[in-house]
Structure formats: C-alpha cells, structure tokens
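The structure appears below as structure tokens.
The values are calculated or read from the model by the stated rules, or taken from the named source; none is laboratory data. These figures come from a predicted structure and were not determined experimentally. Every residue, glycine among them, receives a Cβ derived from its backbone with ideal geometry; neighbour counts consider all protein chains shown.
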Amino acid sequence: MMVAAGLPLLAQTQHGATVEIPSDVLEDKIRGGFLGQIVGDLNGLTHEMKYILEPGNVREYTPALPDGGWTDDDTDVEWPYIVEIQRARSLLIPYRRISEIWKKHINRRIWCSHLYLRQIMDLGIDPPLTGRIEINPWADFNLSGQFVSESWGLISPGMPQAAARIGIHYTHVSVDGEAIQSTQMVDAMIATAFLTNDMDKILDAGAAALDPQSVMSQIMSDVRRWYKENARDWRATRQLTRDKYCKYGGQDMRDRNGVWLNGASTISALLYGDGDWAQTVRAAFNFGWDADNNAAASGTIVGVIKGNRFLKSRGWDIKDQYRNTSRDDMPEGETITTYSDRLVALAQLNIFQHGGSTATVNGKPVYRIHTEKPANVEPLPDLKRQYATMRSQLRGGIDDGIAHGGTAQERARAAYLAICLDFAPELKQKYPRRWPQALQALAGYPRVTQAIFFEAPFPAGDSIRRKAMVAGLQKPAQSIQLEE
C-alpha cells in the first residue's frame, strides 16, 4: 500500500498502470475541482480584462459566492454537453448533434469565437468546420481552447490522454491549432492532479501534453524558468511574459483573449500560488488579461488537490446554487452539488470505458483506474495541408450549392465557404447568374454578415473581409446590436 506524497487522503495501491482510489476521495476531488473552477471564474469577473499592460494589485482576497453561482461561459458552454452525455451515455457527442445543442441551448451571452461560430451554424456549417482556422477567424488563438476544457480533466482522473482526447473533441467546435494545444495542457494537468500534489509533476504533465513545436510549449518552458529566477518576485515574471508574448501593445484581442498570455498566466498562478487555493487564484487575478478564465483553470487544479471537504472547511460564504441566467431550455434548480453529481457520473462512465472498474477493498468502495502517461495526442496541424484537404473535400458541395442550391441556406453556405476557401473568383466567373443569387442568400443572414464585417479579428478577419468584398458581398451600412 502506497500513500502519494502530500496526499494523505489519496491512498492508492499501484499494480503496473492501475491505481486504486477510494470512491469518497475521488468524488471529493471532482467536487473540489468544480467548486474551485466556479468560484475562481465568478470571483474573477471583476478582474477580467482590467490588467493588460500592467498587472493588478489585489492584496487581499476571501473567496465567496454568497448568492451562489450562475451561468458564465467558463462553465455554461460545457453544461449542455454534460447533460447530453448523461442522456446518451456517450462521451463524444457527434458533431451534427453538437450543432443541434448549440441552436437549442447556446444563443446568448457568447463572445468572440463562440459568437462567430454560432452565426455560421445558421448557414448549416457544423463542427469541426466551425472551429477551423480557415472558416472561423478567431480559431487560431481564442481562449475557449482553455475555458471549455476543465470538465474533461475532471471526468478523467489519472487519464491525461483520455482527458485531452475528450477535451479537443469539444474545443474543436471553436478553435484549432495552437488553441488546441492549450486544451491538452490544461486537461492533462487536471487529470494528473488526482494522483499527486507535486506541482512540478503536474506542470510536467502539461508540458508533455504539448506539441514541442508549439508556442505554448515554449511558454511553459519560459514561465517555469522565469519562476525559478524570480521565485519571490511575481511581477518580474509578469513583465517578462508581457515583453515576450504581448505582440500588439495590448490593444488587439490576441493580447487579451488569446491562449498564449492567458496560458502563461495560468501556469504562473499555479507556481506563485504555492499550493494555496486562494493565493493561487489571487495570483491569476493579478497576472491579468482574461483573468476569470485563468483563475478558473488554476482554481480547478488546486481544487482537485485540496478536495471539496477541505475547501468547504475554510468557512467561505458560498451558497449551493447554480442559477441559469443564459442557457435556453436547460434545467432549472441546478446547484453546485447537482452539477458536481453530473461530473462524478461522467467520471465513472469514463473510467469504465477505459477499462477501469469499482471494487471493495478492506470494506471500502474504490475505483480501479488504468492510468496513462501524459502525451501530446494532437500535434499542431500542417495548415497548408489542412487548407488543401478542406478545399478538396468541400469543393463538390460548394459548387453544387452555387449551381443547384435548392434553399437559401444551401446557397448562403456555399457562398460563405467559397469566400473562405478562395473559390469565389472562379465561381463568380463560372456562374455569372447564380453567384449573385448565392451572395444575396448570404446577405439574408445579417448576423453572419455582421460577424464578417464587424466582429472578425485581425489579421484573419481582415483577410475574410477583403475576400468577401472582392467576391461582391456588400458591407452592411451599420452594425446591428445583438442580444446578449
């Protein structure tokens, strides 16, 4: 019988790659991770986007949710997925079904890549195309690669590769490339935190989950080195991070909503938090940028380490409620506990599907888990090859949609994809009568044209706007106000 160092509650017997974890300990860690996520997220909202060029100066912080939790995009995008997984008993929801879930449940209080993809879903474009760099101009950097990832680590205890595979299935709805590396890093760290409280080992797991050619891999190396050089001076590490990875003077969304600066902030919070939950989250606040997301991710990891009982023993004023303020036709009366119940149920499903089981050892129920070594399960894509493959796969449908599209949606989808994949000049000549009809159909989706002309970020947004205007799509006279 071995007890992991620093984890007196985590008694585990190890036989090769199998560990035995008492059921109550495992479930306490899942609940602690979710509590850490939701408190970090919602307490971090007051610091979101407040500290860009300079760090914050939060000196005192007492975690609290006196009115309970509520839906925010750090937790409520995963929520409909989780409910559907419970219903279907399948960890990977088919992408066509994911589109249906979005259209039914996720229509308000979404931003950036999520807002963009929701508009192009109305054209009949399904994931993972909605998250491809060539189709969605937010996809190569958006932070949803991190903030739609925590649940998948929580349901994959000791299984970092499984966590990453599940995570990237869902984050590919909105992101691609470097942002997918962020998903794998966060999920691997959460999954590993079930087995150790050694932050270096947890960060090693995150590093192993990254493509070594990725920017995120370099960030992991840089931040850990800067921490060793400045262990007593977090501001120095923050300055070094800003100097190297803030590329646009803090003005562009890539310097605010991107995975690189925020991934660096999350890693830094874990290091400077010194294993203390509140100190970790306060560090995430002060590092800044999209601070609520970084507090949620780091709070999840330390929450798993500490467990729910420990966090609740701190005496923080947290009401057990999860109010639905943004997601259509979702369960009312959800609480932090019932949400955690769902995660526990999915963790059991995941453990079983990966060859694990439950048993009774010395009169106590345990989970037997086949653990995994962390590894990069999806390398960075070859973007030229990906672009060529998409053109080859989609060309027939685009051509057919222009020439024979029976519905306005079919014509609009074909026009949009033709613009993105550089078929528009050829099709404009090939179908001189049909092409204007396709553009007219696309213009009939004002939320999509709004996304193209007023919301798509630099530099990919500039490219798609230029291609759209060359293709003959008219820029709307003014931006429309979308319901939040």
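Applying the criterion of at least 3 residues that are in the same structural domain as N257 (by TED's automatic domain parsing) and either more than 19 Å from Q353 (Cβ to Cβ) or charged (D, E, K, R) (or both) to the helices (runs of 4 or more DSSP H) found wholly in region 112-179 leaves 112-121, 144-147.
Restricting D74, D24, D41, D28 to those that are in a helix (DSSP H, G or I) and at pLDDT below 95 reduces the list to D74. Among the candidates D204, D222, the residue that is more than 24 Å from E54 (Cα to Cα) and in a helix (DSSP H, G or I) is uniquely D204. The single residue among G273, G288, G263 that is at pLDDT 95 or above, under 17 Å from A231 (Cβ atoms), of a type outside the set (A, V, I, L, M, F, W, C) and not assigned by TED's automatic domain parsing to the domain that holds F458 turns out to be G273. Test I398 against the criterion of being over 30 Å from Y116 (Cα atoms) and β-branched (V, I, T), and give yes or no. For I398, the condition - over 30 Å from Y116 (Cα atoms) and β-branched (V, I, T) - is not met. Looking only at residues that are in contact with a Pro (Cβ under 9 Å, 6 or more places away or on another chain) and not aliphatic (A, V, I, L, M) in region 219-260, which one is surrounded by the fewest Cβ atoms within 10 Å (Cβ to Cβ)? So the residue we want is R235. The residues on offer are T196, T171, and the sole one that is more than 19 Å from Y387 (Cα to Cα), surrounded by fewer than 24 Cβ atoms within 10 Å (Cβ to Cβ) and modelled with pLDDT of 95 or more is T196.
Do we find a residue being under 13 Å from the mean Cα position of the chain (by Cα), closer than 18 Å to G32 by Cα and hydrophobic (A, V, I, L, M, F, W, C) anywhere in region 193-216? The answer is no, given that none of the residues of region 193-216 is under 13 Å from the mean Cα position of the chain (by Cα), closer than 18 Å to G32 by Cα and hydrophobic (A, V, I, L, M, F, W, C).
Of the residues contained in region 452-463, none is found to be over 29 Å from the mean Cα position of the chain (by Cα) and either within 19 Å of P127 (Cα to Cα) or assigned to a helix (DSSP H, G or I) (or both). Taking the criterion of being surrounded by fewer than 17 Cβ atoms within 10 Å (Cβ to Cβ), of a type outside the set (F, W, Y), in contact (Cβ under 8 Å) with a residue 12 or more places away in the chain and touching a helix residue (DSSP H, G or I) at 6+ places or on another chain (Cβ under 6 Å), would at least one residue in region 451-465 satisfy it? No, the conditions are met nowhere in region 451-465. Only one entry of D72, D67 meets the criterion of being among the charged types (D, E, K, R) and surrounded by 15 or more Cβ atoms within 10 Å (Cβ to Cβ), and that entry is D72. If we scan region 370-381, do we find a residue that is in contact with a strand residue (DSSP E or B) (Cβ under 9 Å, 6 or more places away or on another chain) and either buried (at least 16 other Cβ atoms within 10 Å of the Cβ) or over 30 Å from I120 (Cβ atoms) (or both)? The answer is yes; a qualifying residue exists. Inspection of region 261-272 identifies at least one residue that is over 28 Å from A139 (Cα atoms), under 22 Å from the mean Cα position of the chain (by Cα) and not β-branched (V, I, T).
For region 393-437, the tally of residues that are assigned to a helix (DSSP H, G or I) and aromatic (F, W, Y) stands at 2.
T266: in contact (Cβ under 8 Å) with a residue 60 or more places away in the chain and either surrounded by fewer than 24 Cβ atoms within 10 Å (Cβ to Cβ) or more than 24 Å from R232 (Cβ to Cβ) (or both), yes or no? Judged against the criteria, T266 is not a match. Total residues in region 309-368 satisfying the condition of being among the aliphatic types (A, V, I, L, M) and part of a helix (DSSP H, G or I): the figure is 9.
Exactly one residue out of Y387, Y339 is more than 22 Å from L65 (Cα to Cα) and aromatic (F, W, Y): that is Y387.
To keep it simple, each residue is scored yes or no on (1) surrounded by fewer than 23 Cβ atoms within 10 Å (Cβ to Cβ); (2) under 14 Å from the mean Cα position of the chain (by Cα).
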{"position": "S99", "(1), (2)": "yes, no"}
{"position": "Y116", "(1), (2)": "no, no"}
{"position": "D122", "(1), (2)": "yes, no"}
{"position": "I133", "(1), (2)": "yes, no"}
{"position": "F141", "(1), (2)": "no, yes"}
